[in-house]
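Here's the structure, in C-alpha cells; my notes come after.
The values are calculated or read from the model by the stated rules, or taken from the named source; none is laboratory data. This is a predicted model, so every value here is computed, not measured. Positions of Cβ are backbone-derived with ideal geometry, glycine not excepted, and every protein chain shown enters the neighbour counts. Just the protein is used for accessible areas: all its heavy atoms, side chains included, with ligands, DNA and RNA removed. Shrake-Rupley method; radii C 1.70, N 1.55, O 1.52, S 1.80 Å.
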Amino acid sequence: MIKSNNTLGIIFFPAFDWAISPTHPERQERLLYTQDQLREEGLFDIEGITEFKPDVASVEDVERVHFCFPDVPSVVTRSHLISAGGAIKAGDLIMEGQTDRAFAMVRPPGHHAMKVVHGSRGFCTINIEAIMIEHIREKYGHKRIAIVDTDCHHGDGTQDIYWHDPDTLFISLHQDGRTLYPGTGFPRDLGGPNAMGRTLNIPLPPNTSDEGFLMAVERVVLPILEDFKPDLVINSAGQDNHFSDPITNMNFSAGGYAAMNDMLKPDIAVLEGGYSIQGALPYVNLGICLAMAGVDYSHVREPNYNAERIRQDARTTEYIAELCKQLPALYFDPPKFVSKGDSRQGVITGDNYVRHKQIYYDTDGINEVQQESVTLCKQCRGLYKVETRADSGPLCLGVEIPVNACPECRAKGYQTVEDAQLKGTYRYVQLINRRDKEYIRYGF
Amino acid sequence: MLLGIDVGGTHTDAVAIDIGDKPTVVASCKVPTRHDDLLSSVTEALAAILDRIDRNAVTQLNLSTTLSTNAIVQNKTEDVGVIVSAGPGIDPHNFMPCKDFYVIDGSIDHRGNEVRALSTHQLAKAVDACRENGVRVFAAVSKFSTRNPRHENLIRRTVCNCKSVDACEHADFVTQGHQLGGALNFPRRVATAYFNCAVWRLYNDFATAVEEALDDMGLGNVKVNILKADGGTMPLPQSRTLPVQSIFSGPAASVMGIIALTDIFHDSIILDIGGTTTDIAVFADGAPLIEREGIDIGSHPTLVSALKVHSIGIGGDSAISVVGPEVRVGPNRLGPSVCLGGERVTLTDALNYTGASAVGDVAASRQAIDAYASARTLTGGKLAGDAVAYAARAIQDAARALVDEINSKPVYTIHELLEGKRIVPKKVYLMGGPAEALKDELRERFQLSTEVPANFDVANAIGAALTRTTWELELFADTQRHVLFIPSLSYRENVPSGYDLEDAKRDAANQLTMQLDSMGVFLRAEDAQITHASSFNMVEGYDMVGRNIRVKCQVRPGVIKTFGEGR
Ligand SMILES: [Zn+2]
Ligand SMILES: [Zn+2]
C-alpha cells in the first residue's frame, strides 16, 4: 500500500452530460479517459488520497464575483454551478483542514470568464477559481491569495476580475498572445493603478518544452511567491501546454507538469483547459495528483513520449532566459501608472480611473462594450463601477463596494445604485457589497 | 427442501427449509466450528439436520465457509507467481503481493491499444524463475486488461507451455486478471488474482471433500452453491476457479437472513450481535449497500465485491472492565461468559444480571458480577446496568459513524447510484445470540422502531439457504476499433460502426442469461438488470469517429423467497 506524504482531496466532476456541442473540444468525452486512468491506477486506494463529492455553487456564490446579465440563471447551467461548487469544495477542504491539498478536477472550466458575464468565452462562463476564492474570503476571513495560471491560454478572465485587487497576485504563464487565443497577456499588463505589479504575465514562445516552463517557474514565479507570502497558492491547472494538445503549439509533458506542480506546491489546483483528452489528460492529471500528494510520479509518462522530439531549440531557451531576467522587476519594482490618454489602457479623470473595453464572446458570438471606473481612494481599494452593453442589448450597470471600503466609498456606492434606479437608463443594475455581504439586483 | 450451512467463527449453523407457499424452517442446529477441520463441522451439522428430514427431498445445499478467509488470516496459503505488465503510471512494485513478483515491459492504454508489446525475453526469464522456486499457480495481470487481454493471454500461454488442455506439467492453475471482472483498478486486480491463486488448492481440496461427503450421505445429486461476500451464490463447480469470491461471505449470510425473515422497505440498520463482534449493515430503501469497489483482504484492497458491513468488538462474550469511573465492554473476548463456565464477567453475564436474558447459570452470573463490582467499590446492579448501556452506546456510535461515512462519500446501492440521497435510518433489525436481550436498551438508544425477527438465532443459515445465484458482467464496445469485449467471459466479438447503446444493453443481458444457463441456473429476463449504461462519442479533430460504450449487467443479489408478509 502506498501512503501519501500530503493528504489530498480530489473532487472529480466529469460532467458526463454537458457539452458545448457534440464535436467541440469541451465535450462529454473530455475527462472520460482521465477517469479510466485514475481508476485503473488505483489512485483512490492510496492512503491519504480521498475523493469528495462536489458542492453546488449557489446563485449568491456567483453574484459575489460576477455581474451576470440579465441574471445568473440565464447564463449558467447546472453543470457550471457544480463545477464552481467542485472548486468551492476544494477550498473548504483546505480551509477546514480536512486535507493538506485539494484538486478540483472539474469541467466546464472558467479562467476566461471576466467580471461581467453576458455569455461564454473561451469555453468559460463563470470563473470557478474566483468564485472559490471569494467564497473562501467571505467564509474564512480575508486572505492574501496567489493564483498561478498554467493554462496555455492567457487567463484573461481571472486577470480582469483581480485587476484592481492588491491582495490577489495573478501570474499567468501562457503561449504568447501573438500566436494564440485570446491574444492578450503581455508583460506591460500589470494591474490597475491601485494594484500595479499584482498582475504578471509570462508569455512563452510556441514549442516551449519542459525546460522553458520549469525555468520560468524557478526564476520568476517562485521568488515572487516567496516575496508575496500568500496565505494560499492556487494553480489554475490548464493542461493544454501538452505537446499533443490539438488547439495549441507548446511542448510540455506530463512529467513536466508534475515537476512544475511539485515546485509550485499549490494548496489548491483547479482544472482548466486541456483538450488532448486521450494522449495527455490521463497522464498529466495522474502526474499532478501524485505530485500534489507527494507520491513518486517518476513512472508517469505518455505512451508516445520522446524527450528529444519535443525539445525546445536553443533560441527559445535563450529568449526565455532573457525574459526571466527582466520580468521579476515588474513585480518587485513596478512602474508607476501613467495615464497616456488611451482609454483602452485606462485614463485618470479627477479621482477616477476609467477604462473602455470591447469584449468578444467567441463561444457565444456576443460583442460587449464596457466602461469601467474605479475611485482612486487613499483609504480603501475604491468603488468599482461598470457600465455594459452586449451587442444592441440594454445598458446594464454593476457596482462593487470593496471589502475594505471606507465609509465614503460605501456611501458613494449606495448613492450610485440609487441614482441609477431613479435617473439612469439601465435595464439591469447589480450591487456587490463585499463589505456588508449584500448582493442585490434590480430590474426584471 | 433447501439446506443452508453457515460456518461461523464460533458455531456452524444449519437449517432445512421447506419452500411451500410460505417457507418454513423444518429443522435447525448449531454445532461448534472446528477450525482445523471445517469439513467435520459441516458433515456433523448436515448429519444432525438429515436425521430430522427426508433426505430424498433435499434439492440444494448452500454453503458459506470461512475456509479461504482463515487460510489468508493464518498465512496458510500457497506461493504464487505473479507476473504483470503495467506500462507507465504508478510503479507496480508498490503493489507487490508476494516474493515471486515480476514486472514485464509492455503497455496497453485505456482504449485497449497495445502501445508496447510484451517483452517475451523478460517473460521467459520470469517464468523460469518461478519454476525454479517451485511455483505451481500463477497470476497473469496487465494494466487495462479489461479493455484488451492480449498481454494476460500471452503470459498464460507462456506459463502453461503445454499442448494438453486438461493437465499441464508446468502450472496447476492460472488466474487471468480480466476474468475477475470488468472493473478498472490494476492494483486491486493484482491483489485479487494473487489471492485467488493463493487459496486455490486449499479451496479445491475442500470442495472435493464436500462433494465426496455428500455422495457418502446419498446427496450426490444435490446442487451445491457457495456464498459470496456480495450476498449472492455461485455454483460449486464455477467456484473452483474463483475461490477468492468465497472470502468474507459470513456477514453476507446474516444480511441475507434478515432480508429473508423480514420485509425491509426503509432505510434501516441491521445489527448482527454475535459472541465476539457486532456486524453492522445499512440498507437504503430496503436494499443492502455494497462496498464501492471491493473489500480489503489483509492490507490489500481487492475487487471482491461485498456488502458493506462494519464490525466492532462488542458481543455477548466481550469482557467487562472498569477504567476509572467508566464501565467498559470489549473489545477483547477472554473466554466464555461466567454463566457458561468462564472466568471473566461478560456482556452476557450483565444481561443475565439485569434480567434481560437467562443464559446458562444465571446465579453464577449474578455472583461473579457482584464480586467483580464490589472489588471496584461498585454495586452489581450499577456495573451490569452500566455495562449494558456502554455496549448499546458503542453499537449506536459505530452505526451512526457508518451512516455518516456512507452519506459523505459516493456509494452504490446494489442496483443504483445513490447520488444526492441521504440515508436516514427509520428502523433497526437485530439478530444473533444477545439480540433479544439487548433489544430494549438499543431501542432506547436509537429511538427507532426495533425488531427481532423469529428464528433470529439461525438467521445466517436461513440467509445462506435462500440466497440466489448471482453473476455480473461488464461489456465494453469501441466502434472505432470495431470490437466488443466482455472481460469476465473472455468474450470478444467484432461489431459494426453502427453498433449502439441499445445493442450493447441487449447483448449484455443475453450474454448474462447464457452464462447462467451454462451454469444450470434459470434466469428470468427481468432479473438481468442493467446497472450502468453509457455511450460517449469519440471525436478526432472535429469528426465523430465512433462510440465508446460501457454497460454493466447483473443479477441482483437477493433471496428466492421471504418469510415476511410479502411485497
Ligand atoms: Zn486553455
Ligand atoms: Zn474609499
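Tabulated data
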{"read-out": "Charge dipole magnitude, Cβ of K and R +1, D and E -1 - the range A:236-305, Cα centre, debye nearest 20", "value": "80 debye"}
{"read-out": "For the range B:467-475, Karplus couplings with θ = phi - 60° (6.51, -1.76, 1.60), whole Hz, Gly/Pro x", "value": "5, 9, 6, 10, 7, 9, 8, 10, 10"}
{"read-out": "Among B:Pro557, B:Asn537, B:Leu378 - extreme Cα towards positive end, dipole of chain B, charges at beta-carbon", "value": "B:Asn537"}
{"read-out": "Per-pair calculated FRET efficiency, R0 = 30 Å: A:Lys265 and B:Asn133 via Cβ, rounded to 0.05", "value": "0.10"}
{"read-out": "Directionally averaged projected area (convex hull, Cα atoms, the range A:307-405), nm²", "value": "11.4 nm²"}
{"read-out": "Percentage of interatomic Cα-Cα distances in the protein assembly as shown larger than 54 Å", "value": "29 percent"}
{"read-out": "With every protein chain in place, chain A: carbon and sulfur % of accessible area (1.4 Å)", "value": "49 percent"}
{"read-out": "Relative contact order computed over chain B (Cα-Cα under 8 Å; 6+ residues apart), in percent", "value": "14 percent"}
{"read-out": "Amide H contacts of A:Ile366 (H built 1.01 Å from N, under 5 Å, at least 5 apart or other chain)", "value": "A:Tyr361"}
{"read-out": "Selection from A:Leu32, A:Pro70, A:Ser236, by position along the positive dipole direction of chain A (Cβ)", "value": "A:Pro70"}
{"read-out": "Within straight-line cross-link reach of A:Lys423, lysines at Cα separation under 27 Å, skipping those fewer than 8 residues along the same chain", "value": "A:Lys115, A:Lys357, A:Lys385, A:Lys412, A:Lys437"}
{"read-out": "Mean-position separation - Cα centroids, the range B:311-338 and the range A:175-235, in angstrom", "value": "63 Å"}
{"read-out": "Principal semi-axes in Å for the range B:239-352 [√(5λ), Cα gyration tensor, largest first]", "value": "31, 18, 14"}
{"read-out": "Within the range A:23-38: backbone nitrogen closer than 17 Å to the B:Asp500 label point (7 Å, Cα to C-beta)", "value": "A:23"}
{"read-out": "For B:Ile297, residues with placed amide H under 5 Å, excluding near neighbours", "value": "B:Thr302"}
{"read-out": "Dipole magnitude of chain B, debye to nearest 20 (Cβ charges: Lys/Arg +1, Asp/Glu -1, about Cα centre)", "value": "800 debye"}
{"read-out": "Under the Karplus curve 6.51 cos²θ - 1.76 cosθ + 1.60, θ = phi - 60°, whole-Hz ³J(HN,Hα) for the range A:315-331, x wherever Gly or Pro sits", "value": "5, 4, 4, 4, 4, 5, 4, 5, 4, 5, 6, 8, 5, x, 4, 5, 8"}
{"read-out": "The range A:64-74 - phi-based ³J(HN,Hα) in whole Hz, Karplus 6.51/-1.76/1.60, Gly and Pro as x", "value": "5, 10, 9, 9, 9, 10, x, 7, 4, x, 7"}
{"read-out": "Sequence-separation-based contact order of chain A, relative, with Cα cut under 8 Å and 6+ spacing, percent", "value": "14 percent"}
{"read-out": "Globularity ratio of the range B:470-567, using Cα Rg and 2.2 N^0.38 Å", "value": "1.28"}
{"read-out": "Label-point separation in nm, B:Glu526 to A:Arg309, each point 7 Å along Cα→Cβ", "value": "5.6 nm"}
{"read-out": "At q = 0.08, 0.10, 0.13 Å⁻¹, base-10 log of I(q)/I(0) for chain B (Debye sum, equal scatterers on each alpha carbon)", "value": "-0.59, -0.90, -1.35"}
{"read-out": "12 Å beta-carbon shell around B:Gly220, net charge (K/R +1, D/E -1)", "value": "-2"}
{"read-out": "Helix-only mean residue ellipticity at 222 nm for chain A, each DSSP H run of n ≥ 4 adding -39500 (n - 2.57), per residue, nearest 500", "value": "-9000 deg cm²/dmol"}
{"read-out": "Residues losing 10 Å² or more accessible surface upon assembly, the range B:88-106, compared with the chain by itself, 1.4 Å", "value": "B:Pro88, B:Gly89, B:Ile90, B:Asp91, B:Asn94, B:Phe95"}
{"read-out": "Drop in accessible area of at least 30 Å² in the complex versus isolated chain, residues of the range A:13-34, 1.4 Å probe", "value": "A:Thr23, A:Arg27, A:Glu29, A:Leu32, A:Tyr33"}
{"read-out": "Separation between Cα centres of the range A:245-260 and the range A:283-332, rounded to whole Å", "value": "7 Å"}
{"read-out": "Apportionment of accessible area to carbon and sulfur, chain B, percent (1.4 Å)", "value": "48 percent"}
{"read-out": "Chain A: most fluctuating residue of A:Leu290, A:Leu32, A:Leu431 per GNM, C-alpha cutoff 10 Å", "value": "A:Leu32"}
{"read-out": "Rounded Å value of the spacing that divides the Cα centres of the range B:243-280 and the range B:488-516", "value": "34 Å"}
{"read-out": "Heavy atoms of B:Arg52 accessible to a 1.4 Å probe, total area in Å² rounded to 10", "value": "130 Å²"}
{"read-out": "For the protein assembly as shown, with +1 on Lys and Arg beta carbons and -1 on Asp and Glu, the positive-most of A:Gly91, B:Val345, A:Thr184 along the dipole", "value": "A:Thr184"}
{"read-out": "Long-range amide H partners of B:Ala27 with built H, under 5 Å", "value": "B:Ala16"}
{"read-out": "Environment charge at B:Phe456 (Cβ cut-off 11 Å; Lys +1, Arg +1, Asp -1, Glu -1)", "value": "-3"}
{"read-out": "Solvent exposure, largest accessible area first (probe 1.4 Å, DNA, RNA and ligands not counted), of A:Thr125, A:Thr179", "value": "A:Thr179, A:Thr125"}
{"read-out": "Heavy-atom surface of chain B, accessible at 1.4 Å and reported per residue (Å²)", "value": "40 Å²"}
{"read-out": "Pairwise label distance in nanometres, B:Arg34 with A:Thr77, each label 7 Å out on the Cα-Cβ vector", "value": "6.7 nm"}
{"read-out": "Quotient of C-alpha Rg and 2.2 N^0.38 Å, computed over the range B:95-162", "value": "1.10"}
{"read-out": "Residues of the range B:518-567 buried by at least 30 Å² on assembly (accessible area, 1.4 Å probe, chain alone as reference)", "value": "B:Phe536, B:Asn537, B:Val539, B:Tyr542, B:Arg550"}
{"read-out": "Buried solvent-accessible surface, both chains (A, B), 1.4 Å probe, Å² to nearest 100", "value": "3100 Å²"}
{"read-out": "Chain A - charge dipole about Cα centre, Lys and Arg +1 at Cβ, Asp and Glu -1, debye rounded to 20", "value": "1180 debye"}
{"read-out": "Percent antiparallel among DSSP beta bridges (both partners in chain B, rounded to 5)", "value": "70 percent"}
{"read-out": "Amide N of the range B:296-310 lying under 19 Å from the label point, which is placed 7 angstrom from the Cα of B:Asp397 along Cα→Cβ", "value": "B:310"}
{"read-out": "Average accessible area per residue (Å²) across chain A - probe 1.4 Å, nucleic acids and ligands excluded", "value": "35 Å²"}
{"read-out": "Mean residue ellipticity (222 nm) of chain B, computed from DSSP H runs ≥ 4 via -39,500 (n - 2.57), nearest 500", "value": "-10000 deg cm²/dmol"}
{"read-out": "Degrees between helix A:407-422 axis and first principal axis of chain A (Cα, 0 to 90, nearest 10)", "value": "70 degrees"}
